[in-house]
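J.: The structure is given below, and queries will be raised subsequently.
The values are calculated or read from the model by the stated rules, or taken from the named source; none is laboratory data. These figures come from a predicted structure and were not determined experimentally. Positions of Cβ are generated from backbone atoms using ideal geometry, with glycine treated the same way; all protein chains shown enter the neighbour counts.
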Amino acid sequence: MTEPDLHVNLGGLRLDTPILAASGPIGNSHQYRERFSTHALGAIIVKGVSLEPWPGNPPPRLAETASGMLNAIGLQNPGLKQFIEQDLPQLKGAGPRIIVNIVGRTVEEYAQVAAGLNGKEGVDGLEINISCPNVKAGGIAFGTDPDQTYQVVNTVRRQTNLPLLVKLTPNVTDITIIARAAEAAGANALSLINTLSGMLINIETRRPLLGNTTGGLSGRAILPVALKMVWQTAEAVKIPLLGMGGISSARDALQFIMAGARALAVGTALFHNPELPDEIYQGLADYMTEHEIASLESLEGIAHLRR
Amino acid sequence: MLYLPPNRQQQLPRPFSIFKVDCKRGELTLFFQVKGDGTGILANVETDSTIKLFGPLGIGFPALPENSLLVAGGMGIAPLVYLAATTTKPCTMIYAACTAAQLVCPATDLKLSGVTLLEITEDGSRGEQGTAIDLLSRLLNADSDRYKAIFSCGPRSMLKAVADLGRQTGLPTWISLEERMACGIGACLGCVVKTSGGYKRVCFDGPVFPAEVVIFND
């Protein structure tokens, strides 16, 4: 049998591997090169970029939880201009494809960021963030309403030729309604899930622990929730899915593919295991070899088939 | 950043300051107090086990001028012992806590060449009775021209008071801050503190900051 083929086509974005770095943990510049193993990554999704610089939320911004982490960074970023001038040149040619996560307070801001990145060398795709639970304006306000989801995705769609991913929030009653709206508006793929809204209280100060009061829960604790949402969404839309939420091993990654994801992203687990992309790559290749599977496509959504 | 041995619940690496380095013997010593689950797991690591460490990271204290004042509150002693060991220039170290039981640094590690050690506890159970700030203000008032800089690490409330004294006396003042961290390399923006120049990353822009830039608003 030949070497397993791990290439995937994620909504027009051809990737060498189905393993992506999720937006957030590895920043929006070159810091990751010092620490994270990138050659097994098909793409890196950089931290949210807005039109103007955003200061982010007051500290404390993070706390560890049982098998997870709560964060409320608040999309701190230097803004589109500085991203293009300072960060993008350092990301170009790094190896993995670069997908830029874009955020805005209004539909127009999303559109302006998308327009500003269209045709920029080194940008291979966009991920529209309509799901950050930690900012008041924009973000999740769009991702919890199907009409607003349609409006923002459709407006961005008209500003860009780049492959367009839409990142969905789990903090909704029925994620498939939002997923269908994004698909109808022209998304090429869907990323799911963003973090689950939560909070902690500091019993010494008797106040919420995070500066933002609430934050987003990520890490291993959320895997079953994420997997179920990928499963549901796979039955609701035709566009490919980028699955994420608590993945920390090749076994986890395989579950997402079997639930219907074309590719998968790792986030929180990179903090304690920077070599995780390599381990997942090897684990996927070993599984395919062992079970005589030539390409990942034949595993995509396989758990939905009744046998 | 110190990585915890594999376990199901606690997975983020933990940031620690460096306590002692012995280049000849190839030894690095960290000094920490068990405060939560992560430090609990680290305290139970068996002798001769291997655990992963990534560092050193960030920006530490600058070189110590002669007649510096080092102000340690509780576990804040750890990086100041390391700092004091980098020089034999005469300096004064204040080591403060609420009670004698909280002055946990081994006496042998406090015997440092050139260092005059002054211990103080709030209940007077060891050394003088009072706070680090009482002692620091007295030293600065008694001999205002003698001291050239202040270096401090400890609880936030103490650092705020140290920063205020630094501002009043005009002495260069450096403080080492602590925040919960995830990446350790300035990427995730999880460990920021408020400064006059906006939010700065403790892991990358610090942990040591000039005291006058830090905004303490609690």
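J.: Hey, A:N28 hits all of (1) modelled with pLDDT under 95; (2) part of a loop (DSSP other than H, G, I, E, B); (3) surrounded by fewer than 24 Cβ atoms within 10 Å (Cβ to Cβ) but one; which does it fall short on?
T.: Condition not satisfied by A:N28: (3).
J.: Mind telling me which of the residues B:S125, B:S144, B:S157 ends up being within 14 Å of another protein chain (Cβ to nearest Cβ), out of contact with any strand residue (DSSP E or B) (no Cβ under 7 Å at 6 or more places or on another chain), surrounded by fewer than 18 Cβ atoms within 10 Å (Cβ to Cβ) and farther than 30 Å from A:H272 by Cα?
T.: It is B:S157.
J.: Let me ask something else about it. Tell me, which residue of segment B:189-213 that is more than 10 Å from every other protein chain (Cβ to nearest Cβ) and surrounded by fewer than 21 Cβ atoms within 10 Å (Cβ to Cβ) is nearest to the chain's Cα centre (by Cα)?
T.: Once the filter is applied, the top-ranked residue is B:P210.
J.: B:I150 is checked against (1) closer than 26 Å to B:T87 by Cβ; (2) within 13 Å of another protein chain (Cβ to nearest Cβ); (3) of a type in the set (V, I, T); (4) in contact (Cβ under 8 Å) with a residue 60 or more places away in the chain and fails just one. What number does that condition carry?
T.: Of (1) closer than 26 Å to B:T87 by Cβ; (2) within 13 Å of another protein chain (Cβ to nearest Cβ); (3) of a type in the set (V, I, T); (4) in contact (Cβ under 8 Å) with a residue 60 or more places away in the chain, only one is false for B:I150: (2).
J.: Would it be correct to say that A:S197 is in contact (Cβ under 8 Å) with a residue 40 or more places away in the chain, under 27 Å from A:A66 (Cα atoms) and surrounded by fewer than 23 Cβ atoms within 10 Å (Cβ to Cβ)? Explain how you work it out, then say what you get.
T.: Working: in contact (Cβ under 8 Å) with a residue 40 or more places away in the chain: yes; under 27 Å from A:A66 (Cα atoms): yes; surrounded by fewer than 23 Cβ atoms within 10 Å (Cβ to Cβ): yes.
Yes; evaluated as a whole, the condition is true for this residue.
J.: Can you name the number of the only condition in (1) more than 22 Å from A:G12 (Cβ to Cβ); (2) under 16 Å from the mean Cα position of the chain (by Cα); (3) in a strand (DSSP E or B) that A:S191 fails?
T.: Of (1) more than 22 Å from A:G12 (Cβ to Cβ); (2) under 16 Å from the mean Cα position of the chain (by Cα); (3) in a strand (DSSP E or B), only one is false for A:S191: (1).
J.: Shifting gears a bit: Looking at B:D164, is it more than 25 Å from B:L4 (Cα to Cα), among the charged types (D, E, K, R) and more than 12 Å from chain A (Cβ to nearest Cβ)?
T.: It is true that B:D164 is more than 25 Å from B:L4 (Cα to Cα), among the charged types (D, E, K, R) and more than 12 Å from chain A (Cβ to nearest Cβ).
J.: Among the residues in segment A:46-59, are any more than 9 Å from chain B (Cβ to nearest Cβ), of a type in the set (S, T, Y), within 22 Å of A:L264 (Cα to Cα) and in contact with a helix residue (DSSP H, G or I) (Cβ under 7 Å, 6 or more places away or on another chain)?
T.: Among the residues of segment A:46-59, not one is more than 9 Å from chain B (Cβ to nearest Cβ), of a type in the set (S, T, Y), within 22 Å of A:L264 (Cα to Cα) and in contact with a helix residue (DSSP H, G or I) (Cβ under 7 Å, 6 or more places away or on another chain), which makes the answer no.
J.: Of everything in segment A:144-167, what is under 15 Å from the mean Cα position of the chain (by Cα) and touching a residue at least 40 places away in the same chain (Cβ under 8 Å)? Give them in sequence order.
T.: Once the filter is applied, which keeps residues that are under 15 Å from the mean Cα position of the chain (by Cα) and touching a residue at least 40 places away in the same chain (Cβ under 8 Å), segment A:144-167 yields A:P163, A:L164, A:L165, A:K167.
J.: So which residues in segment A:271-286 are out of contact with any helix residue (DSSP H, G or I) (no Cβ under 6 Å at 6 or more places or on another chain) and assigned to a helix (DSSP H, G or I), if there are any at all?
T.: Selection gives A:F271, A:H272, A:P277, A:D278, A:E279, A:Y281, A:Q282, A:A285, A:D286.
J.: Tell me, please, whether a residue that is without any contact (Cβ under 8 Å) to a residue 12 or more places away in the chain and β-branched (V, I, T) can be found in segment B:100-114.
T.: Yes, because at least one residue in segment B:100-114 is without any contact (Cβ under 8 Å) to a residue 12 or more places away in the chain and β-branched (V, I, T).
J.: Answer yes or no: is there a residue in segment B:175-188 that is more than 14 Å from chain A (Cβ to nearest Cβ) and crowded, with 16+ Cβ neighbours inside 10 Å.
T.: Yes; the residues of segment B:175-188 include at least one that is more than 14 Å from chain A (Cβ to nearest Cβ) and crowded, with 16+ Cβ neighbours inside 10 Å.
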